[in-house]
Amino acid sequence: MLATQHSIRTYLIALSLLACSCESAIEGKHKDTGGRNAVVGSRSAAGGALDTGPAASNVMSGGGQTPGITTVLFGGNGGTAETTVSGGTSSIGGYAATTPSATTTGVILTGGTSGTSYSSAAGSASVGGVAATGGTKGIGGITAAGGSTAAGGSSAAGGDSPIGGAIATGGVSGTGSYASSVDPDAGVRTITIVAAGAYHTCAVVNGGVQCWGKNSNGQLGNGSTTDSLVPVQVQGLTNGVTGLALGLYHTCAIVNAGLQCWGSNSYGQLGNKSTKDSSSPVQVQGVTVDTTSTAAGDYHSCAVVNGRVQCWGYNSNGQLGNNSKTASSIPVSVLGVSSDAAAVAAGWSFTCAIVADAVQCWGHNNYGELGSGSTNDSLIPIPAQNLETGLIALTTGNQHACAIVGGTANCWGYNAFGQLGSNSTSNSQLPIDVQKLTGNAQAIAAGGSHTCAAVNGSVQCWGSNSAGQLGNDSTTESKVPVQVNGLTSSATAITAGTSHTCAMVDGDLFCWGYNAFGQLGNNSSANQLVPVEVQFP
């Protein structure tokens, strides 16, 4: 994907809350802009009580430069109905696993477009109560940030980020945030996943997908190429959606355990053995069952299918992970990841996955975004260092990535705008602690050149702020976390695009930052320095 586009992916295991890429307000201006949060790969334990933290969004996967969103829900695995599968594993990952498997320890992954967050909770009881009984506006948020998240607490995944989508936000696109939440004032409207791409945003509403913002390549999926300032219905996807990932100019969704994509297809990123754009969903070849997570980068996409990671699209830096630099318009297997993958996240031109409770990354590495301690690209998966114990969430932005380990947020890679939160602008080839978070992080989402985290229900952001994407009524960048105005509690999911951010709060969806294409969904194209509510039909 282009350097300017961001995608982020976030993947959370038990306590993830948030996650595509965004960096500068102007499309294509900053190479680092493409971070996505897709929290890909989230496993979500159906159990994860409220304290479990957001489940992670998988869907975020998205990729490339488009910001992906990664959102993690407080309540554990995403489902709208409190599943209570004691320790259910459901993979939220990138696009949520549709069925929670049972295990004694609930693991929640968030993935998504950009950013993937992987969180694990000791499988506590009902998934945060999810908005369930009592329709409490999604108190527990259900889970799944970024991603898809199956209703019923199944799994959630989300992510949008083209950049990496899934797992973390990887990628431009969106990293989806998943947090099933019910708005008692909206009648039947139940939002279970939210994901952000570079310049567009999508959400799973009542099991179907609605999108808004830039639509130059049909990425809104409504059969047109006309931008929209408010949510529009994706053709044919009115139910059964459990995961989302947004990339730079394309979108993917997990539908009844299969995968469908739409939008830009110049490098085969739709996976349908073609390079022709599509303004409505098309089936990814061979990915029809057992899909538990998905991610979208700038120009590539990935999915976790029955524990294996498959990728397709652009491959200039080895982001497909098949020991090659040849693009592919159909899914190819990532070498060495034939089982045990829980979530996937895509960034601009790199990808990360949660495999056997550790992080592995491959592709572009000029800024250390693989977390391996070097700046050498890798055509196959290599371990990110120091993330083997206590991993809770993972997310990828345009050219940086973040994870939550034991409540502490760590980031690595590109840092020109302070997006690593280290109180400096020095790049890092290894994970380093985010400074001055006011509490334990429960979810995290990486955008183009900024990052956000859910901390005890509040939303805090850092990095680039050229369009107000930090949400603190300012355009001044920050090298350490700052509080988003008004979001001090009850946030259940979060996602980040190139230069905009969204969060689910008490059953409603709020966005802020860059808005030239209507990606904030508030029927306006003016940038917003503080959160504004998305206007659903």
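At an R0 of 30 angstrom, the distance between the Cβ atoms of Thr488 and Thr389 translates into a FRET efficiency of 0.45. Distant-in-sequence amide contacts of Gln419, defined by a placed amide H-H separation under 5 Å and a gap of 5 or more residues or a different chain, comprise Ser464.
Would you mind calculating the gained length between Asp340 and Ser324 on full extension (0.36 nm times residue separation, minus the Cα-Cα distance), in nm to one decimal? Result: 3.5 nm gained on full extension. By other beta-carbon atoms within 10 Å, ranking Ile191, Ile392, Ile380, Ile444 with the fewest at the front produces Ile380, Ile191, Ile392, Ile444. In terms of surrounding Cβ atoms within a 10 Å radius of their Cβ, Phe350, Phe417 rank from fewest to most as Phe417, Phe350. Mind giving me the FRET efficiency for Val530 and Asn366? R0 is 35 Å, r the Cβ-Cβ distance, nearest 0.05 is fine. Step by step, r from the Cβ atoms, then E = 0.55.
With the highest mean first, a sort of the peptides 455-463, 233-241 on other beta-carbon atoms found within 10 angstrom per residue produces 455-463, 233-241.
What is the gain in length, in nm to one decimal, between Gln435 and Thr225 on full extension, counting 0.36 nm per residue of separation less the C-alpha to C-alpha distance?
Answer, rounded to one decimal: 71.4 nm.
Summarising the label geometry, the points placed 7 Å from Cα in the beta-carbon direction at Asn239 and Val480 lie 5.1 nm from one another.
I want to make sure I understand the PRE zone here: with the label point 7 angstrom from the Cα of Ala356 toward its beta carbon, which residues in region 291-332 have backbone N atoms less than 18 Å away? Output list for this probe position: 305-310.
The calculated FRET efficiency for the pair Ser274 and Arg308, based on their C-beta separation and a Förster distance of 22 Å, comes to about 0.40.
Just so you know, all these numbers are worked out from the coordinates, no wet-lab data involved. Only a predicted model underlies this, so the values are computations on that prediction, with no experimental measurement involved. Ideal geometry is used to build each Cβ from the backbone, glycine not excepted, and the neighbour counts take in all protein chains shown.
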